[in-house]
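Just below is one structure, and these are the notes that go with it.
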Amino acid sequence: MKKKQFKAESKKLLDLMINSIYSNKEIFLRELISNASDAIDKLYYRSLTDRKVKLDKEDFFIKIDLDKENRTLTITDNGCGMNNLELEENLGTIAQSGTLLFREENKKKDMEIIGQFGVGFYSAFMVSDKIKVISKKYGEEKAYIWESEGASGYTIEECQKEQYGTSVIVHLKNDDENEEYSKYLDTFTIEGLVKKYSDYIKYPIKIDIEHKDLKEGSKDEYETHIHEETINSMIPLWKKDKKEVNDEEYERFYMDKFYDYEKPLRIINSKVEGQCSYNALLFIPSKAPFDFYTKDYEKGLELYSNGVLIMEKCGELLPDYFSFVKGIIDTPDVSLNISREILQQNRQVSIIAKNVETKIRKELENMLSESREEYEKFFKIFGMQLKFGIYNGYGVNKDTLKDLIMFYSSTEKKLVTLKEYVSRMKENQEKIYYACGETVDKIDLLPQVEAIKDKGIEILYLTEYVDEFALQVLMEYDKKQFVNISSENIDLETEEEKEELKKNNEDNKEMFSIMKDTLKDQVKDIRFTKRLKNHPVCLTSEGQVSIEMEKVINAMPTDEKVKADTILEINEKHPIVDKLKELYNNDKDELKKYTKILYSQARLIEGLPIDNPTEISNLICEIISGK
Ligand code: ADP
């Protein structure tokens, strides 16, 4: 018989399993039971939708058999079964998603890998040195046996099996100093594990239990009887009454089902009856899934119709801005046969989606008002998604989301909401001021920031690239406009000061004209400013596109390129002004050199690159060496 090799990826995963340092080996049982349950789901679904398949829900079962003598644990199901091709395909290769992982081989990470992918069938190799899978596909004649001792490969042969379905026979490893594998041959241990991990499985999980009963007609003589008993309650967790389930059970359910190794931040459980009836069990994760901010991430809730899974990721049930939410919706109002296309227009689905959205929003609002720290933790992970939510669709959802977003505040030194900002605004303050930059520290050092901070005005620091776009879509909060402190219309001076500045600029028109010629199209204008306190120069922008937006848009992989209209502003009170005036009168060539340097400084402060670093470096040397 020819031994076949596992595909390369599978081999690595197997290796990981066999030599696993993952301490939670017991989860293999959950994985095998879950596969059995999925296989029954498939057949049950067919029985509901295909008239040719006549089966009763009551006929389905999962059975666990323990054989101490042969050291085997067998899990049998009467689900859809597999033929030889399917055995080959399903057990010879691991799920596609696994391929992502092995770019970086690191055994210490196996806990995360197992956590994130729930590697399923292969996890049995954590406790086993030999696995046999005997399977017969429903509706087919022949049965096959798949056999493997791990990384060396596997064989598939025809065999005998009466019933359709699958038996997975796990031969347990010998006990060693680290692990007592024999415990998986103990009925009570297995019972405990089934209750812990698989209680909600819809089909009965049966096991033989020995009972010592009094011998008939005798008062002290016992005989052993074997009874088949069902271990699990079979009630899905989301259908159980909230009072009957403790947080730990919900948490474990979440972690097992959605492959997270951290507890969820929030659990939302609701039962709705009326126009549309459903049970919802939703979770807000406490960390982003590894692929959350990639295009591979697919949002959605699991959709069940009366306990039967009809779709694993129903995206229609979740708005994009809440795409991080995981969970389950079970409703009798959606038909089993519903297709993706029909789903989109389904009235029941859209009613549920609307309710789900409100429920999540309320939960977040509660979190924000009642446990600030937790909300900040949440916001640091998923806040970007909410800000995208405001920006997307030209702001159709801005009212839902505007009170959920936060920015770092220059005065509070922490994240604050827009409502909080407005409530603290000074009496004559009419606008909401913000500044953009890569990090809070860098923004704090911007020359423009200093003078405004001095006036005691709170500034919101925008550090994520979506931030300014979101504010532009919002336009205002509580009728207060948002203003970038690097834009021309900051308008903080008194009328008198404005006049004075205007005159000063007018008086030096000629000098600015020479300076402007030096910089050509690089700037739209050069002028004095009062917005700076100690710093000599800054770069500001005029019009719709800010400097930060220019950076963001131009970094995107599209053809769309924009340029902010920039202005080089010079602090009218800085000693450099005297120098410039002196050069204007005595040495215009030197004035040009100074202009170039000042402009480069302003760009560097804004985090923009300079086109001619060598020239600038040489100019600086020339000036400091006085030659
Ligand atoms: P996953 O369950 O995540 O797809 P597994 O490695 O656990 O990954 O299983 C691989 C595939 O093998 C399953 O998708 C399923 O098609 C098949 N399979 C596993 N166990 C059974 C079973 N008891 N009955 C029928 N098919 C099964």
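The values are calculated or read from the model by the stated rules, or taken from the named source; none is laboratory data. Just so it is clear, the model here is predicted, and its values are computed rather than measured. Note that each Cβ is placed from the backbone with ideal geometry, even for glycine, and that neighbours are counted across all protein chains shown. Please note that ligands, DNA and RNA were not included when accessible areas were found on the heavy atoms of the full protein model with its side chains. Shrake-Rupley method; radii C 1.70, N 1.55, O 1.52, S 1.80 Å.
Selection within the stretch 304-330: residues that are charged (D, E, K, R) and in contact (Cβ under 8 Å) with a residue 40 or more places away in the chain. The member of this set that is surrounded by the fewest Cβ atoms within 10 Å (Cβ to Cβ) is 320.
Is it the case, given these coordinates, that residue 479 is touching a residue at least 60 places away in the same chain (Cβ under 8 Å) and open to solvent by 70 Å² or more (accessible area, probe 1.4 Å)? Taking the combined requirement at face value, the residue does not satisfy it.
For residue 384, the requirement of being part of a helix (DSSP H, G or I), within 27 Å of the chain's Cα centre (by Cα), in contact (Cβ under 8 Å) with a residue 60 or more places away in the chain and closer than 25 Å to residue 607 by Cα is met. Close contacts from the stretch 592-619, counting a first residue that is more than 20 Å from residue 549 (Cβ to Cβ) and touching a residue at least 24 places away in the same chain (Cβ under 8 Å) and a second that is part of a helix (DSSP H, G or I) and of a type in the set (D, E, K, R), with Cβ to Cβ under 6 Å and a gap of 6+ residues or different chains, come to 619/593. For residues that are in contact (Cβ under 8 Å) with a residue 40 or more places away in the chain and of a type outside the set (D, E, K, R), scanning just the stretch 331-342, find the one that is least open to solvent (accessible area, probe 1.4 Å). Applying the filter and picking the extreme gives 331.
Does residue 124 satisfy being farther than 14 Å from residue 90 by Cα and either within 11 Å of the ligand (Cβ to nearest atom) or surrounded by fewer than 19 Cβ atoms within 10 Å (Cβ to Cβ) (or both)? So residue 124 fits the description; yes. Search the stretch 152-161 for residues being open to solvent by 20 Å² or more (accessible area, probe 1.4 Å) and within 16 Å of the ligand (Cβ to nearest atom), and hand back the single one that is farthest from residue 129 (Cα to Cα). Only one residue fits best here, namely 161. Note on the stretch 59-85: residues that are of a type in the set (Val, Ile, Thr) and open to solvent by less than 10 Å² (accessible area, probe 1.4 Å) amount to 3. Here the condition is being open to solvent by less than 70 Å² (accessible area, probe 1.4 Å), farther than 30 Å from residue 473 by Cβ and modelled with pLDDT under 95; of 562, 537, it holds for 537 alone.
Applying the condition of being within 25 Å of residue 56 (Cβ to Cβ) and assigned to a strand (DSSP E or B) to the stretch 69-87 and asking which residue is nearest to the ligand (Cβ to nearest atom) yields 77. Residue 275 meets all of the listed conditions (1) touching a helix residue (DSSP H, G or I) at 6+ places or on another chain (Cβ under 9 Å); (2) assigned to a helix (DSSP H, G or I); (3) loosely packed, with under 12 Cβ neighbours inside 10 Å but one, namely (2). Summed over the stretch 162-193, the residues that are part of a loop (DSSP other than H, G, I, E, B) and more than 17 Å from residue 128 (Cα to Cα) give a count of 3. Of all residues in the stretch 127-141 being in contact with a Gly (Cβ under 8 Å, 6 or more places away or on another chain), within 15 Å of the ligand (Cβ to nearest atom) and not in a loop (DSSP other than H, G, I, E, B), which is most open to solvent (accessible area, probe 1.4 Å)? Checking each candidate, the answer is 136.
Condition first: at pLDDT 95 or above, under 34 Å from the mean Cα position of the chain (by Cα) and either crowded, with 18+ Cβ neighbours inside 10 Å or within 9 Å of the ligand (Cβ to nearest atom) (or both). Can you find one or more residues in the stretch 106-119 that meet it? No, the stretch 106-119 contains no residue that is at pLDDT 95 or above, under 34 Å from the mean Cα position of the chain (by Cα) and either crowded, with 18+ Cβ neighbours inside 10 Å or within 9 Å of the ligand (Cβ to nearest atom) (or both). As a summary of the residue check, residue 394 satisfies the conditions (1) open to solvent by less than 70 Å² (accessible area, probe 1.4 Å); (2) in a helix (DSSP H, G or I); (3) on the phi > 0 side of the Ramachandran plot; (4) of a type outside the set (Asp, Glu) except for the one numbered (1). Residues of the stretch 273-314 that are among the small types (Gly, Ala, Ser) and touching an Asp or Glu at 6+ places or on another chain (Cβ under 7 Å): 277, 286, 307. Screening the candidates 144, 181, 222 for the property of being within 16 Å of the ligand (Cβ to nearest atom) and either open to solvent by 60 Å² or more (accessible area, probe 1.4 Å) or not hydrophobic (A, V, I, L, M, F, W, C) (or both) yields one hit, 144. If the condition is being open to solvent by 40 Å² or more (accessible area, probe 1.4 Å) and outside any helix (DSSP H, G or I), then the stretch 569-606 contributes 573, 574, 575, 587. Close contacts from the stretch 232-246, counting a first residue that is free of Cβ contacts under 8 Å to residues at least 40 places away in the same chain and a second that is of a type in the set (Ser, Thr, Tyr), with Cβ to Cβ under 8 Å and a gap of 6+ residues or different chains, come to 232/198; 232/200; 233/200; 234/200; 234/203; 235/200.
Residue 301 meets all of the listed conditions (1) over 21 Å from residue 395 (Cα atoms); (2) in contact with a strand residue (DSSP E or B) (Cβ under 8 Å, 6 or more places away or on another chain); (3) surrounded by 13 or more Cβ atoms within 10 Å (Cβ to Cβ); (4) without any contact (Cβ under 8 Å) to a residue 40 or more places away in the chain but one, namely (4). Being of a type in the set (Lys, Arg) and loosely packed, with under 15 Cβ neighbours inside 10 Å is the requirement here; does residue 287 meet it? So residue 287 fails the test.
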